[in-house]
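Asks: For reference, the structure I am asking about is given below.
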Amino acid sequence: MGGSGPTVFSKPGHVVKFGEQAQLQCALSLDREELKSICSGANAQFKSIYSIQMFKELYDNFNYVASFGNPDPLYMQDWIEILKPDPVDAELGAANWDEESSTCTAVLGLHIKILTSKAGFENNLQNYVVGALVEPITDKLVFVDKNGDGSAENFSLTTMISYEEILP
């Protein structure tokens, strides 16, 4: 960590280590009308952020995190359930489209927060996970029309992972 910023992945298969902040991104290539359609909830293919594979897999499959570094996969007390928002909270139909500025304000990513603390004797403290939660990231997508021809632009969607220490 140490001020170097989050790790940004460019290929699949990276393991996020304890304490490592990470950011994963994908991009949607959309013209103004496509962006407006998604933002207004009129596009049946994108009703929710979970319609996008990266977020769907996270929501469906990322359910538990280990308290300590060497958990028994069959012993449920070694695992903490991840708190997730209701999928309704990530519906894009609840987004806000501003016609004048061509701006969509919506849930555009997820922030996974791993909450940690320390346990043990003063001279041998151990880090451990006390909880984990997923929070929606609300942000703005602005169609700029850089080329002046209404051609598609890339819009980034993000998943962030961070570790936050809480005091015992």
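Asks: Step through the residues of the range 22-35 one at a time and calculate ³J(HN,Hα) from phi using the Karplus curve (6.51 cos²θ - 1.76 cosθ + 1.60, θ = phi - 60°), rounding each to whole Hz and writing x for Gly and Pro.
Replies: Values, residue by residue: 9, 9, 10, 9, 9, 10, 9, 9, 9, 8, 4, 5, 5, 4 Hz.
Asks: If you plug each phi of the range 151-161 into the Karplus form 6.51 cos²θ - 1.76 cosθ + 1.60 with θ = phi - 60°, what whole-Hz ³J(HN,Hα) values come out, in order, with x for Gly and Pro?
Replies: 5, 4, 10, 8, 10, 8, 10, 10, 10, 10, 10
Asks: Under a cut-off of 18 Å between alpha-carbon atoms, report the aspartates and glutamates in cross-link reach of K36, not counting same-chain residues fewer than 8 places apart.
Replies: E91, D98, E99, E100, D139, D145, D149, E153
Asks: What ³J(HN,Hα) values, in whole Hz, does the Karplus curve 6.51 cos²θ - 1.76 cosθ + 1.60 give for the range 61-70 when θ = phi - 60°, with x put for Gly and Pro?
Replies: In residue order, the calculated couplings are 10, 9, 10, 9, 10, 6, 5, 10, x, 10 Hz.
Asks: So how strong a dipole does the range 29-165 carry about its Cα centre when Lys and Arg Cβ are +1 and Asp and Glu Cβ are -1, to the nearest 20 debye?
Replies: 180 debye
Asks: In the neighborhood of T116, defined by Cβ-to-Cβ distances under 15 Å, what is the net charge if each Lys or Arg adds +1 and each Asp or Glu adds -1? Mind showing how you got there, number by number?
Replies: On the way: positive: K17, K113, K118; negative: E20, E164, E165.
Summing Lys and Arg as +1 and Asp and Glu as -1 gives 0.
Taken together, the values in this text are just the output of simple stated rules run on the coordinates, not laboratory data. Source: prediction; values computed, not measured. Positions of Cβ are backbone-derived with ideal geometry, glycine not excepted, and every protein chain shown enters the neighbour counts.
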